[in-house]
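One structure is given below, encoded as structure tokens.
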Amino acid sequence: MKPDERENLNKIKSIAFNSRRDFTERKPDDRMAYPIEWQWGGFDERGRLQTGVAAIPYRMRFDGHTVGMCGIGGVCTLPEHRRGGNVFKILQRVLDIEYEKGTEFSNLTPFSHAFYRRMGYELCNCRNELTAPLESFRRYRMTGTFEQHFPGDSVDALRQVQTAYIANLNHASPRHELHESIGWRKFTRNDPYKTGVNLYVWADDSGAPKSYIKITQEAQPSQVLVIRELAFMDNESLYGALSLLSSLKGETVRWQAPTFVPFTDILPDNWDISLKMIPRDMTRVVHVQRVLEQMRRPEGRGSYRVEISDPQLSGNNGVFEVEYDDGRASVERSTKPPDMTMSIQVFSQLATGFRTLDNALMTRRDDLKANGNLDVLRRVFTWRPSHVTEEF
């Protein structure tokens, strides 16, 4: 899209997302708005904008590497033009371009999982939403020191904590490598006096920053404290950050946390815990070969062959043979029979560690078939911890 089309895009978003804005008032440019070159539009035959999609250049962690990821956000269509295939046409164009660039993944937070599954995306991230009495956290008396972070402050301590926290978390984005509209400036832009969103860095007794916690108190009901993000280097810093809760007022804590967080260890009486699993973000492997080249592999020496079916990206179709030896791997096309055949959706789940091979084989999906070499494949497709740190 072009700069002079941004206002029309914002008008469509206002209608599609049921937000309110007076477009007769001229507002200064929002420094946090996505650059217009990230925006795609679908137009009718008379050149009128009907659909908008943002294709956002992110970076994300994957099995110890930082790789490319295209985040899809701001998807909006005027009500009278929905179900016309405009979003799918734009996504196809975006995926074609990202494949040619060698981008490994694409992520999004869907309004409907079934809708985006048709374009090769699959559920690859869940959260456990904890609800518990604030009183349960008062066992953690404040330790170390807290320093509140305000917009404009140095992000060095935050960056130090996040870099360590996400080192081995798939899907997480190193914010220092992102554009300012989606990086640290966005994460730290909330004025606590205006928004009620408070961000604190926790340091241990030596003064070293080890964790941070972003927390807010809901306006209605005001007794609920919401942890919006908590990043930590180790167990000490996890409990150090949580010790802030012992000094706050309220009745209930709510935390939509990564699934690897050990809630039953954090709270002494497990009857106090209410957990709800939230199926959240979807992922799509954009470039199968590049993902296979960087994906974890078992110790020792071995090989396996997988056949991928991808209706949207023909370059991903076929049999790929992976040979690994002492931490190195090579990936080549093969004409030999595959050990496994799977859709791009199943591959996206297995490659990112959302589920194990045996767990996937328990489903009734007809787009996954194991033919042999299961001992190796079980050691390849393992569960790994993840945290989608960004919003799309």
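With the cut-off at 1.5 for a/c, could you classify the range 122-195 from its C-alpha gyration tensor as rounded, prolate or oblate? Here the range 122-195 falls in the oblate category. The order of the peptides 246-252, 57-63 by mean Cβ neighbours within 10 Å, most packed first, is 57-63, 246-252. When the charge dipole of the chain is built from unit charges on Cβ atoms (+1 for Lys and Arg, -1 for Asp and Glu) and taken about the Cα centre, the candidate among I227, W383, T363 whose Cα reaches farthest toward its positive end is T363. Extension gain for the segment A329 to R141, taken as residue separation times 0.36 nm less the Cα-Cα distance, is 62.8 nm to one decimal. The orientation-averaged shadow of the Cα convex hull for the range 3-125, equal to a quarter of the hull surface, comes to 9.2 nm².
Helices in the chain, meaning DSSP H runs of at least 4 residues, each add -39500 (n - 2.57). Divided by all residues, the mean residue ellipticity at 222 nm is -6000 deg cm²/dmol. Taking Lys and Arg as +1 and Asp and Glu as -1, the other residues whose beta-carbon sits under 12 Å from that of V388 total -1. Using a simple spin-label model with pseudo-atoms 7 Å out from Cα toward Cβ, F111 and S274 lie 2.9 nm apart. Taking Cβ atoms as reference points and 13 Å as the exclusive limit, the residues near G240 contribute a net charge of -3, counting Lys and Arg as +1 and Asp and Glu as -1. I need the Debye-formula profile for the chain: one equal scatterer per C-alpha, no solvent, reported as log10 I(q)/I(0) at q = 0.07, 0.15 1/Å, two decimals. Those come out to -0.37, -1.40, one per q.
Read-outs: derived from the displayed coordinates by stated rules, not from any lab. These numbers were taken from a predicted model, which means no experiment stands behind them. All Cβ positions, glycine included, derive from the backbone under ideal geometry; neighbour counts span all protein chains shown.
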